[in-house]
Amino acid sequence: MSEKAKSAKEHNYESGLAVVAADKIKDPGLEPHRVRMTDKSPAHERAANRQVAALFILSAIGSVAAIVAYFAFPLTDDLGTVRANTWWLGISITLGLFGIGLGAVHWAKTLMPDAEVSEERHQTRGSDEVRARAIEIIKLADQESGFTRRKLIRRSMYTALALFPLPAIFFFGDLGPSPADSLRHTMWRKGTRLAKDPDGTPIKASDVTLGSIFHVIPAGLEDLHETKLEEKAKAAVILVRVDPADLIESEERKSWSYDGIVAYSKICTHVGCPVALYEQQTHHLLCPCHQSTFDLVDGCKVIFGPASRALPQLPIAVDSEGYLVAQSDFNEPVGPSFWER
Ligand code: FES
């Protein structure tokens, strides 16, 4: 038989793939065992023992430092505090995590049994004899690894493991107060004047010409530093004047607009981006984030995109001096509609 024919016989080419017969693969066996320094020298073993403990202690220090850093570098409006807070928390949490990880790896590599073992597969539940043997093995492993005997390592590891999750308590506590009902209400009240964003100038109905668009906040926010920014953001409104004949209004909403002027929440009902683009010809309001499109003359209903509900409408009127005012707060929550899902 030719060499080519022999090769074809040794390989199966039927599926287009060369499959080498199983009996042609030799078991490479285990590499020769290399004795570690910690197995040969008690001095090296003691040193490794101290190193593992030091790593666990380092982890414990990192976890405590994370808690200290959390209180020592509180976040304020100053960018420098954000930098310090991030830097110190990052370093300390890294130490906490790395100390535990490196300590465990170093312990396993230098002090735990270093014997190559091959194990046959067996049923998931072993016989009683096997289970009894397993317990023996666990006890033996405990003896050999020194888990019970090496008190310093064990205690320092417990300390590290116990302290490591602690910073999370503070971090999760910092996620902010429960929103409770705050998502359902904004700063708009009956009689609050509509003002230009950002200068706070109250808007008269006569200022709003046909087709013009205003970005609006409640009047009286001149002292913006004192005002909670999230409250101001929730109250953001788009104000537009259209031909009253173009408006499609339900009976209830007929009194919510004023001579073709309508006001809608500026917070997209998809995931909360500001809806800031207005197409005068089509009366469409566009959200730039994911292209949700709302029909301004038809209750700001969604006509395209991922938003699932219309923009909430702010009922408006005009006061005795001709300024636009809110009749009330929005009648429904502004922003993403997660509470409906
Ligand atoms: S946030 Fe407006 S479409 Fe996604």
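Just a few scattered comments:
- Against the main long axis of the alpha-carbon atoms of the chain, helix 128-145 sits at an angle near 90°.
- Shape descriptor for the chain: Rg over Rh equals 1.28 (Cα atoms; Rh from the Kirkwood inverse mean 1/r).
- Cα shape, the stretch 189-341, gyration tensor, a/c 1.5 rule: oblate
- Whole-Å distance, taken between Cα centres, linking the stretch 196-218 and the stretch 137-193: 48
- Using just its DSSP H runs of length 4 or more, each adding -39500 (n - 2.57), the chain gives a mean residue ellipticity at 222 nm of -11500 deg cm²/dmol after division by all residues.
- Charge dipole (Cα centre; +1 on Lys/Arg Cβ, -1 on Asp/Glu Cβ; no other charges) of the chain amounts to roughly 1920 debye.
- Between helix 151-163 and the chain there is an angle of about 10 degrees, using the helix long axis and the longest principal axis of the Cα atoms.
- The loop-placed GluC sites (Glu not before Pro) in the stretch 35-137, going by DSSP, that have at most 10 neighbouring Cβ atoms within 10 Å of their Cβ come out as 116, 119, 120.
- Listed pairs 190/232; 196/234; 190/301; 40/139 exceeding 20 Å between Cα atoms: 190/301; 40/139
- Fluctuation leader among 186, 124, 94 - the chain, Gaussian network, Cα springs under 10 angstrom: 124
- C-alpha long axis of helix 79-110 to longest principal axis of the chain, angle in °: 20
No lab work stands behind these numbers, since they all come straight from the coordinates. Note that this is a predicted model, so its numbers are computed, not measured. Note that we place each Cβ from the backbone using ideal geometry, even for glycine, and neighbour counts take in every protein chain shown.
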